[in-house]
Each structure stands twice: as C-alpha cells, then as structure tokens.
Amino acid sequence: MANKVSKQLVIAKASHVLSSPRKTNLILKAIVGRPALLAIKQLTVNTKRAGKPIIQLIQQAVGNAVSQFQASPDVLIIDSAFATKGRTLKRAHIGGRGRTKPYEKITSHLTLSVRIPTAKVLSSPKPATPVSPVKGRDGKAEKGLPPVIASLVPEPKQSHSIKKVIKPTNKSK
C-alpha cells in the first residue's frame, strides 16, 4: 500500500484487492463526501466482500493525516475514492471426465483521498445594521421576513361571491 501526501489532501492506495472494480466502486461512491469515521462505521455493517479492504484503506489514510498534518480524525472528509482494474488471475476447477472449468479471480487497485478542511479566518466583524420592519400587504409590519421573502408572499385571496347552482331536472317523456 503506497501513500502520497499533498497540501491538505492525503492519498492512500491499495493494490491487488481481491474484488472486481465494478463491485468495489459501488461501495466507494457511497462513502465519498462523508466524514471518515462515519464511513468506517457504515462499512462495518456492510456485508460486501470489498468492505474490509476499504475500511483498512480509510484507517490508513486517517492515520497518515493524523501523523503528518496533526489533524483530528473527527474532521477528516473523504474527498474522492475509486477502483481501477488490477491483475486478473486465471484459475481452473477440475471437472468430470478429465475436463477443466476455467474461471478468473479479478483484482482491483483502490485509491482514496482524505481532505483536511481548513478553518476559514474571519476578518474583523462588521457592525450590525438595523433592519427596518417589512410591511405586509395590509400595511402592518411583519415580523422576521426579509424583503425578498416578503415579496414572495402571495396576496390574500378575495372572497368569492356565491353563485346559484342550477341542478338539471329529469323530464321523462
């Protein structure tokens, strides 16, 4: 398992994992964008074969981020994860009447990157400006509605006049 570290991004790789890339990518797409520790918890419940190597890969990336960037494991987020095709091992089962039944063990290479979110430094806080109350359609001040939302509030419906309903009569001949 090789590792590569760049600025605020830790990349971990695993080679020759005994699972097909198509099946492994289904699991990897589900954890992208999630916190690393939450992804580990979710994968422990997963019954897929590729779940265990992915858990080990996430733990490796988290360990590298903690040791190299002194990052807290709680804030790490999985930035990207994918699987590519690895070596295919050709094997055969022995069949009846001297025949062989070939099959392939498909492997994949996993790549996972963990992002360390940086805290944004805020400039000096701006003084609060008083907000004038927004007046509704009836001229009264509405509480807590900004002007943009107040313009979206529909006008009250006018009462409809009652119309006389004429029922058809059955005239038999």
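The values are calculated or read from the model by the stated rules, or taken from the named source; none is laboratory data. Predicted model, so just to flag it, every value in this text is computed and none were measured. Note that we place each Cβ from the backbone using ideal geometry, even for glycine, and neighbour counts take in every protein chain shown.
If a residue must be of a type in the set (Ser, Thr, Tyr) and under 16 Å from residue 33 (Cα atoms), how many such residues does the stretch 60-118 contain? Step through it out loud before you land on a result.
Within the stretch 60-118, the subset of a type in the set (Ser, Thr, Tyr) is 67, 72, 80, 84, 88, 100, 103, 107-108, 111, 113, 118.
In the following step, the residues that additionally are under 16 Å from residue 33 (Cα atoms) were identified as 80, 111, 113, 118.
Here the count works out to 4.
In the stretch 1-20, of all residues being β-branched (Val, Ile, Thr), at pLDDT 65 or above and out of contact with any Gly (no Cβ under 8 Å at 6 or more places or on another chain), the one that is surrounded by the most Cβ atoms within 10 Å (Cβ to Cβ) corresponds to 10.
Yes/no per residue for (1) within 15 Å of residue 107 (Cα to Cα); (2) among the hydrophobic types (A, V, I, L, M, F, W, C); (3) assigned to a loop (DSSP other than H, G, I, E, B):
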{"site": "23", "(1), (2), (3)": "yes, no, no"}
{"site": "27", "(1), (2), (3)": "no, yes, no"}
{"site": "38", "(1), (2), (3)": "no, yes, no"}
{"site": "42", "(1), (2), (3)": "no, no, no"}
{"site": "49", "(1), (2), (3)": "yes, no, yes"}
{"site": "55", "(1), (2), (3)": "no, yes, no"}
{"site": "64", "(1), (2), (3)": "no, no, no"}
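Looking at 145, 122, just one residue is at pLDDT below 95 and exposed (fewer than 10 other Cβ atoms within 10 Å of the Cβ), and that residue is 122.
What about residue 65, is it surrounded by 12 or more Cβ atoms within 10 Å (Cβ to Cβ), free of Cβ contacts under 8 Å to residues at least 40 places away in the same chain, within 22 Å of residue 116 (Cα to Cα) and touching a helix residue (DSSP H, G or I) at 6+ places or on another chain (Cβ under 9 Å)? So residue 65 fails the test. Could you grab me the full set of residues in the stretch 66-101 that are outside any strand (DSSP E or B), of a type in the set (S, T, N, Q) and more than 21 Å from the chain's Cα centre (by Cα)? 67, 68, 70 - these are the residues of the stretch 66-101 that are outside any strand (DSSP E or B), of a type in the set (S, T, N, Q) and more than 21 Å from the chain's Cα centre (by Cα).
The residue pairs whose first member lies in the stretch 23-46 and is under 16 Å from residue 113 (Cα atoms) and modelled with pLDDT of 95 or more, whose second member is surrounded by fewer than 17 Cβ atoms within 10 Å (Cβ to Cβ) and of a type in the set (A, V, I, L, M), and whose beta carbons are closer than 8 Å, counting only pairs six or more residues apart or on different chains, are 33/77; 34/77; 35/75; 35/77; 36/77.
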